[in-house]
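First comes the structure, then the notes that go with it.
Every number here is computed from the coordinates shown, using simple stated rules; none is lab data. What you see is a predicted model; the values in this text were computed from it and never measured. Neighbour counts are summed over all protein chains in view; Cβ atoms, including those assigned to glycine, are modelled from backbone coordinates with ideal geometry.
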Amino acid sequence: MKYISTRDNHPPVSAADAIKMGMVPTGGLFIPSYIPSLTKDEIFSKKYSSYQDLAVWILNLFLKDFKLKTIKEIVSQAYCKENFPTKQITPLVSLDKNTYLLILWKGPTAAFKDLALQLLPYLLKQAVLKTASNKETVILVATSGDTGKAALEGFKDVEGVRIIVFFPDQGVSKIQKDQMLTTGGKNTSVLAVQGNFDDCQNAVKELFANQNFNKLLEKNGYQFSSANSINWGRLLPQIVYYFAAYLKLLRDNNIQEDEKFNIAVPTGNFGNILAAFYAYRMGLPVNKLICASNENNVLTDFIKRGIYDIEREFKKTISPSMDILISSNLERFLFEITGHDSTKIKRWYQQLSDKKCFTIDQETLTKIQKLFVGYYAEEKEVKKTIKNTYQNYNYLIDPHTGVGLTSLNKYRNESGDLTTTILASTANPYKFSPAVLHSIKKDVNKKNQYVLIDRLNELTKIKVHRGLADLETKKHQHNKKINLKDIKEEIKDILKLK
Ligand SMILES: *Cc1c(COP(=O)(O)O)cnc(C)c1O
């Protein structure tokens, strides 16, 4: 299987190259040239497979240039007991008889990014080996909070790799910041940027596409790659858990073989929900995909009206990992849903860059609306959902999951659709303790996030995620704050480019 560019501006490449390059050097994203489709029987035959076996199965369909043996090794290293202490890897928790939380935060950094970022370093290492490159790989990461730490953990001290993380200084939570800044490792750099996530992501994408800068890197023995969901290697592992969740429903008789189900995903960069879309295209019987946004509700408007308009206020919310206006992976999705029409993609993305807005044609919109619905949650609604979920089900959810559940409830109320639904639970609640505690208990006045973790723990008796338990006492290893315009110079400095 080859990988092609959404903008028809690059020859097809192997999976190894697509992963190694991260994105198309001249702009655009790599996607598989076709989507492997599975029959019902093929899917049902995996009903009793382990998560690891499912991962090998799915990865093998997309990584045709990797040996099966290599994929098996990669999977067993990534999804080992130390990284994911629960046997199911992504357990399914029932809230009520037609609502299931897909728990994606059992990994080391307490957010769903671990599922992909524990695997990506191994994939990348193999990809570099396969393409006989002797260059050191520089992973550039722009993060809205969770990718940064997950990528740092995944790539820390990996040979032949440097990782440089940029996060919006005012745009992540104290805990997220501490998680990143306390990461050791000889090959890690973490920089706080004055700007928001979109600024960071744009700067990084521009550097990827900057021919001169790439030449300079090459001259110095480096090549860029990405750990953001613009890298196909980030999306691919995420397809697996939707299969795992569906098969678990089947296994437990919570859904019948001829029945469809819905998937609801709290969305930022449109990565996680795109993985759900691929799972659907591969053969999962999905009825609706519910795209949930916070008050940065660009995607909600887009799905409703077909207009992607980023000319609006950027809002800082209690679900910071979704404070995004430019959802990179929407480009991949639009390429798929238009039947690989790169002319349209190029036109729309040119308009987005010129006018901060584009409008899709009615035919495409109709196709999208057949499968997708878009809803968003306001801050006070999210808090109420967290509170209600705790009171009614004795289950604690984080604000991102809260956005998802609020949106799901709105969809159900409006549509009357009570199809069994899997909701992606994307972060452990302790990662966002202040917002969670404020939601379930009104009179909280302490500001220190670590005191609030303890309070939340005293109140709920729910165990604190291991990745957060001793964070307060860890020393910061990084302390640099930079301006947006200096990102390039900082990279030159870090890599000592000449
Ligand atoms: C990254 C993230 C999201 C958004 O996922 P996308 O793939 O960017 O849509 C949602 N919730 C949490 C906790 C995250 O870290």
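The table that follows gives values for the structure above.
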quantity: Size of electric dipole in the range 125-165: Cβ of Lys, Arg +1 and of Asp, Glu -1, about Cα centre, debye, nearest 20; calculated: 140
quantity: Virtual spin-label span in nm between Asn220 and Leu497, 7 Å along Cα→Cβ; calculated: 0.6
quantity: Given 12 as the ceiling on other Cβ atoms within 10 Å, longest exposed-site-free region of the chain for chymotrypsin sites (Phe, Trp or Tyr not before Pro) in DSSP loops; calculated: 49-498
quantity: Estimated translational D of the range 338-483 in µm²/s (Stokes, Kirkwood radius over Cα pairs; 20 °C; 1.002 mPa s); calculated: 114
quantity: Pairwise centroid distance, computed over Cα atoms, of the range 417-479 with the range 178-228, Å; calculated: 29
quantity: Inter-site label distance for Lys97 and Lys461 at 7 Å from Cα along Cβ, in nm; calculated: 2.9
quantity: Added length on full extension, which subtracts the Cα-Cα distance from 0.36 nm per residue, Ala469 to Asp252; calculated: 74.8 nm
quantity: Calculated from backbone phi, Karplus (6.51, -1.76, 1.60) coupling profile of the range 285-292 in Hz, x at Gly/Pro; calculated: x, 8, 8, 9, 9, 9, 8, 9
quantity: ³J(HN,Hα) computed for each position of the range 21-32 - Karplus, 6.51 cos²θ - 1.76 cosθ + 1.60, integer Hz, glycine/proline x; calculated: 7, x, 9, 5, x, 9, x, x, 10, 7, 9, x
quantity: Distance from the range 1-53 to the range 251-322 (C-alpha centre basis), Å; calculated: 20
quantity: Of Ala18, Val138, Met1, farthest towards positive along the dipole that unit charges on Lys, Arg, Asp, Glu beta carbons give the range 1-141; calculated: Met1
quantity: DSSP-defined beta bridges in the chain - what % are antiparallel, rounded to 5; calculated: 25
quantity: Two-site label geometry, Gln391 and Glu378: point separation in nm, points 7 Å out along Cα→Cβ; calculated: 1.9
quantity: Segment Lys316-Lys367, extension gain: residue separation times 0.36 nm, minus the distance between their alpha carbons; calculated: 15.2 nm
quantity: Given the chain, longest segment not containing exposed loop GluC sites (Glu not before Pro) (DSSP; at most 15 other Cβ within 10 Å); calculated: 379-498
quantity: Distant-in-sequence amide H partners of Ile482 (H built 1.01 Å from N, under 5 Å); calculated: Ala192, Val193, Gln194
